[in-house]
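Reading through the structure tokens given below for one structure.
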Amino acid sequence: MAAIMIPAITASTIINQPLKRVRISSIEAELGILWAQFNRDSGGHTVMRACMSNLIIYCDTAEEALVVSQEITAIVDVHPARVLLLVGDGQPTEGTMEALITIYYTALDEDWQVCAERIDVIASSASADRLPSVARSQLVGDLPTALWWVSRRPPPEVGDVFFQLAELADQIIYDNMGWINPIKGVSAMTRWVAAQQNEQVVYNLAWRRFAVWRKLLSQMLDPQIAPGALDGLRVIEINHGPHALAMTWLLVGWLASQLKWLPVDGKQLSNSELVWKFHNQHHEIKITAKRLPKGEPLIYKLLLDWSLPKQENRLCFERLDNERISIVEALSTVPAQVFAAHVPDRATLVSAQLAHRNRDKIFENALKSANAMTAVFQL
């Protein structure tokens, strides 16, 4: 399977000590030793400890964990935390489970600030079910806890490991980019979210990934700018890169929830093309999503048509690069424009979400619509 491209992370002044292998039963004591050593070696400078939350990160493989390791610095630079990096199908050096620890620190005026304690727990597949109990014992009390689900398997499909980790968390962050079976994954995750009756915040990184598209559509289809567009939409065509189908699905779900569309049909036309049909109070809306043969997991083109028998009305956006989206003049009935549209890296998305503690009802309604789209989809 093709690798998912993750944008490069900007350089940081944060330093971390080499990972130190420790016994699981001695994690807290060994962290204390690291703290004592750091204080002794600080040259008389004050050492300040910063910790805003617990961040549990779950990966399936050592390869996923390696990528995440490169992102932790950028995350704790914005949101200091105790980080627990759990690997469910790793390769422990000895036995069936091992732990490694380190601390992250940065210069703060003339003093030092420790902005993260990191605990890696690597389990063999046979011991993965022990990870939640290890994580529970390492959480800092009285701090909010977030679970970042990195695995490319939809969380509910993993079973008890996810459910037990979710019970520890106030916030659950997942990412449907690169799911092996996005249609099945969207259905499983949206059903699980809909079943939650507590105050947990559940969040999909895709929601922030296409935030710029939501903003552009809200602005350009505003009734004062495009009268009749929202009620008159009949055709939408979306071109997306590999691994972006689940994000595209959520974008369509957002449109459907906001405009009160009822999904009536959906089918796969080919390995790279899907179509949905919706009804509003007046007519049918047809939406086609096509996967491009190559590219990054982004939405590259979005065409909207609300033409009348004697009047053409179209708007076509196209991504020019990772910084800009333009209106394609030849395919639009509105003047060409170029908009700033930076593609954020994953660490930025995660650190931004960690600061938000409230449920997003618009996002949850988009999930419900995405689930309704799955229900009518003909596999």
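The values are calculated or read from the model by the stated rules, or taken from the named source; none is laboratory data. What you see is a predicted model; the values in this text were computed from it and never measured. Every residue, glycine among them, receives a Cβ derived from its backbone with ideal geometry; neighbour counts consider all protein chains shown. Only protein heavy atoms, including side chains, enter the accessible area calculation; ligands, DNA and RNA are left aside. Shrake-Rupley method; radii C 1.70, N 1.55, O 1.52, S 1.80 Å.
Within the stretch 358-379, can you find the residues that are charged (D, E, K, R) and open to solvent by less than 40 Å² (accessible area, probe 1.4 Å)? Step through it out loud before you land on a result.
Let us first name the residues in the stretch 358-379 that are charged (D, E, K, R), namely 359-361, 364, 368.
Correct list: GLU364 only.
Looking only at the stretch 177-187, decide whether some residue is in contact with a Ser or Thr (Cβ under 6 Å, 6 or more places away or on another chain), open to solvent by less than 40 Å² (accessible area, probe 1.4 Å), under 21 Å from ARG209 (Cβ atoms) and β-branched (Val, Ile, Thr).
The initial filter retains those residues of the stretch 177-187 that are in contact with a Ser or Thr (Cβ under 6 Å, 6 or more places away or on another chain), namely 186-187.
If we keep only those that are open to solvent by less than 40 Å² (accessible area, probe 1.4 Å) too, we end up with 186-187.
Those left that are additionally under 21 Å from ARG209 (Cβ atoms): 186-187.
With the extra rule that they be β-branched (Val, Ile, Thr), the set shrinks to 186.
Yes - at least one qualifying residue is present in the stretch 177-187.
Would you confirm whether or not the stretch 222-232 contains a residue that is more than 17 Å from the chain's Cα centre (by Cα), under 19 Å from LYS301 (Cβ atoms), open to solvent by less than 40 Å² (accessible area, probe 1.4 Å) and at pLDDT 95 or above?
No, that holds for no residue.
Would you mind stating whether LYS301 is farther than 23 Å from ILE225 by Cα and assigned to a strand (DSSP E or B)?
Details: farther than 23 Å from ILE225 by Cα: no; assigned to a strand (DSSP E or B): yes.
So LYS301 does not fit the description; no.
Quick one: in the stretch 262-285, of everything that is free of Cβ contacts under 8 Å to residues at least 40 places away in the same chain and in a loop (DSSP other than H, G, I, E, B), which residue is most open to solvent (accessible area, probe 1.4 Å)?
Among those residues, the one meeting the criterion is GLN281.
Let me spell it out: the conditions are (1) assigned to a strand (DSSP E or B); (2) among the polar types (S, T, N, Q); (3) closer than 30 Å to THR145 by Cβ, and SER369 meets all of them except one. Which number is the exception?
(1)
Of all residues in the stretch 158-192, how many are more than 22 Å from ASN271 (Cβ to Cβ) and part of a helix (DSSP H, G or I)?
We begin by selecting, within the stretch 158-192, every residue more than 22 Å from ASN271 (Cβ to Cβ); these are 158-175, 189-192.
This time we only want the ones that are part of a helix (DSSP H, G or I), so: 158, 160-168, 189-192.
Residues in the stretch 158-192 being more than 22 Å from ASN271 (Cβ to Cβ) and part of a helix (DSSP H, G or I): 14 in total.
Pairs, please: C-beta under 8 Å, at least 6 apart or cross-chain, first residue in contact (Cβ under 8 Å) with a residue 12 or more places away in the chain and closer than 19 Å to ARG234 by Cα and in the stretch 302-326, second open to solvent by 60 Å² or more (accessible area, probe 1.4 Å) and among the β-branched types (Val, Ile, Thr)?
As it stands, the answer is GLU312/THR333; ASN313/THR333; ARG314/THR333; LEU315/THR333, since those pairs meet every condition given.
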